[in-house]
Amino acid sequence: MDVNAESRIHQELERVGAILASRRVEQNLKISEISKVLRILPEYLSAIEKAEVDRLPAPAYIIGYIRSYAN
């Protein structure tokens with residue numbers, strides 16, 4: 001993957017993460033509460049919100065986690 005593609009993916013994850021974090025705060029929910037419902041480690045949810053790709057598992061998992069979180 002070239003540097004431009006990686007940069008675009010990271011920017012998109014930043015955008016999605018910010019939206020998810022904003023909605024979570026609007027609903028007065030904690031990451032730990034969402035973690036229990038979705039059965040996703042809180043560390044992963046936090047990393048998604050902060051776009052910290054290096055703290056996340058393989059891309060296939062990330063896509064599923066984001067999809068679950070968004071729903």
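The values are calculated or read from the model by the stated rules, or taken from the named source; none is laboratory data. None of the values given here were measured: they were computed from a predicted structure. Glycine gets a Cβ as well: all are built from the backbone with ideal geometry, and neighbour counts include every protein chain shown. These area figures cover heavy atoms from the full protein model, side chains too; ligands, DNA and RNA do not enter into them. Shrake-Rupley method; radii C 1.70, N 1.55, O 1.52, S 1.80 Å.
Count neighbours as other Cβ atoms within 10 Å of each site's Cβ, and list the trypsin sites (Lys or Arg not before Pro) in the range 35-70 that are DSSP loop with at most 11 such neighbours. Write out the running numbers ahead of the final one.
Numbers: sites: K36, R39, K50, R55, R67; in loops: R39.
Filter output for the range 35-70: R39.
Only Lys, Arg, Asp and Glu count, each charged at its Cβ (+1, +1, -1, -1), so figure out the dipole size of the chain about its Cα centre, rounded to 20 debye.
Numbers: 10 positive and 10 negative charges, 73 e Å.
Using only the charged Cβ atoms, the result is roughly 340 debye.
Might you tell me the accessible area per residue for the chain, computed with a 1.4 Å probe and given in Å²? Computed with neighbouring chains in place, this is 73 Å² per residue. Residue-wise HN-Hα couplings along the range 9-18, as the Karplus relation 6.51 cos²θ - 1.76 cosθ + 1.60 with θ = phi - 60° gives them from phi, are 5, 5, 4, 5, 5, 4, 5, 5, x, 5 Hz; Gly and Pro carry x.
Backbone phi angles across the range 42-59, fed through the Karplus curve with coefficients 6.51, -1.76 and 1.60 (θ = phi - 60°), yield HN-Hα couplings of x, 4, 6, 4, 5, 5, 5, 4, 9, 6, 9, 4, 5, 9, 9, x, 4, x Hz in residue order; Gly and Pro are listed as x.
Mind checking the full-extension length gain between L38 and A58? Use 0.36 nm per residue of separation minus the Cα-Cα distance, one decimal, nm.
On the way: separation 20, 0.36 × 20 = 7.20 nm, distance 1.79 nm.
Fully extending the segment from L38 to A58 adds 5.4 nm.
For the range 1-33, applying the loop criterion from DSSP together with a ceiling of 15 other beta carbons within 10 Å to the trypsin sites (Lys or Arg not before Pro) yields K30. Expressed as a whole percent, the accessible area of the chain that falls on carbon and sulfur atoms is 54 (1.4 Å probe).
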